[in-house]
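Worksheet: one structure, shown below.
The values are calculated or read from the model by the stated rules, or taken from the named source; none is laboratory data. The model shown is predicted, which means the values in this text are computed figures rather than measured ones. Quick reminder, even Gly has a Cβ in these numbers, built from the backbone with ideal geometry, and neighbours come from all protein chains shown. Protein only, heavy atoms only, side chains kept; ligands, DNA and RNA dropped before computing areas. Shrake-Rupley method; radii C 1.70, N 1.55, O 1.52, S 1.80 Å.
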Amino acid sequence: MLNVILAFLKIGFLGFGGGYAMLSLIFAESARFGLTVQQFADLNALDGLIPGPIAINSATYIGQMYGGFWTGVAATLAVCVPSLVFVPLYMHFEAKIKSNWVLTGILNGIKPAAVGLILGVALSLLLVTVFGVSNIHVWTHAHLDWVSLIVLVLVLGIDLKWHVNPLWLMLLAGVIGAVAYYI
């Protein structure tokens, strides 16, 4: 349990830019506890369906998988601790932080890095979902999952053309997947 608490304290303190930017750090830390890429993809899908912040949902899910109910509770509390520390500090020093050009420049430089981290996670999930490989080094073992590719292209096209709520897109993808794989 202590390892899970320390991992999610680390995620809480080092994760920057919101839940999606933290996904690569969450995956890296969770892989130490045996989380597979497929389980991470499932976690990502649950994050879209279950209300709440991604880091908290992830901590609860991974903690519960690794050590049961109480480890899930401990991981959830651990990922929340940094916010309970940093938010009051930020509120106290907000005017000084906003007027400091060096700190503002550093924060603006972190934004593109966060986008890169999000793209890295998206590409990792694409490799697993569409091509069935866990990393690019085993590309020769890839096999194209046509249903996943069609669902991806369809959902992306609908989103780009009509800007449909992501919840409806996830439900559509789930229905298509259920029909294709289980019926």
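The table that follows gives values for the structure above.
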{"item": "Which numbered condition GLY72 misses (of (1) closer than 24 Å to ILE56 by Cβ; (2) out of contact with any Ser or Thr (no Cβ under 8 Å at 6 or more places or on another chain); (3) free of Cβ contacts under 8 Å to residues at least 24 places away in the same chain)", "result": "(2)"}
{"item": "Matching option when the condition is under 20 Å from GLY177 (Cβ atoms) and out of contact with any strand residue (DSSP E or B) (no Cβ under 6 Å at 6 or more places or on another chain), among SER148, SER83, SER99", "result": "SER148"}
{"item": "Condition met for HIS143 (outside any helix (DSSP H, G or I), open to solvent by 60 Å² or more (accessible area, probe 1.4 Å), modelled with pLDDT under 95 and over 21 Å from LEU14 (Cα atoms))", "result": "yes"}
{"item": "Pair list, Cβ under 8 Å, 6 or more apart: the range 83-111 residue without any contact (Cβ under 8 Å) to a residue 40 or more places away in the chain, other residue not β-branched (Val, Ile, Thr)", "result": "ILE97/TYR90; ILE97/LEU103; THR104/LYS98"}
{"item": "Check on VAL73, open to solvent by 40 Å² or more (accessible area, probe 1.4 Å), out of contact with any Cys (no Cβ under 7 Å at 6 or more places or on another chain), assigned to a helix (DSSP H, G or I) and modelled with pLDDT of 95 or more", "result": "yes"}
{"item": "Residue count for the range 118-136, restricted to those that are of a type in the set (A, V, I, L, M, F, W, C), under 18 Å from ILE26 (Cβ atoms) and open to solvent by less than 80 Å² (accessible area, probe 1.4 Å)", "result": "7"}
{"item": "Odd one out for ILE56, checked against (1) buried (at least 17 other Cβ atoms within 10 Å of the Cβ); (2) over 30 Å from LEU144 (Cα atoms); (3) in contact (Cβ under 8 Å) with a residue 40 or more places away in the chain", "result": "(3)"}
{"item": "Cβ-Cβ under 9 Å pairs, at least 6 apart or on other chains, the range 147-173 side more than 18 Å from ASP47 (Cβ to Cβ), far side among the β-branched types (Val, Ile, Thr) and not in a helix (DSSP H, G or I)", "result": "ILE158/VAL164"}
{"item": "Residues of the range 81-100 satisfying the condition of being within 22 Å of ALA59 (Cβ to Cβ) and among the hydroxyl-bearing types (Ser, Thr, Tyr)", "result": "SER83, TYR90"}
{"item": "Per-region count, the range 22-40, residues hydroxyl-bearing (Ser, Thr, Tyr) and open to solvent by 20 Å² or more (accessible area, probe 1.4 Å)", "result": "2"}
{"item": "Matching helices (runs of 4 or more DSSP H) fully within the range 1-56 where at least 1 residues are closer than 26 Å to LEU89 by Cβ", "result": "2-14, 19-31"}
{"item": "Selection within the range 8-21 - surrounded by 13 or more Cβ atoms within 10 Å (Cβ to Cβ), without any contact (Cβ under 8 Å) to a residue 40 or more places away in the chain and either farther than 15 Å from ILE118 by Cα or hydrophobic (A, V, I, L, M, F, W, C) (or both)", "result": "LYS10"}
{"item": "Any chance VAL115 is open to solvent by 80 Å² or more (accessible area, probe 1.4 Å), at pLDDT below 90 and under 30 Å from LEU46 (Cα atoms)", "result": "yes"}
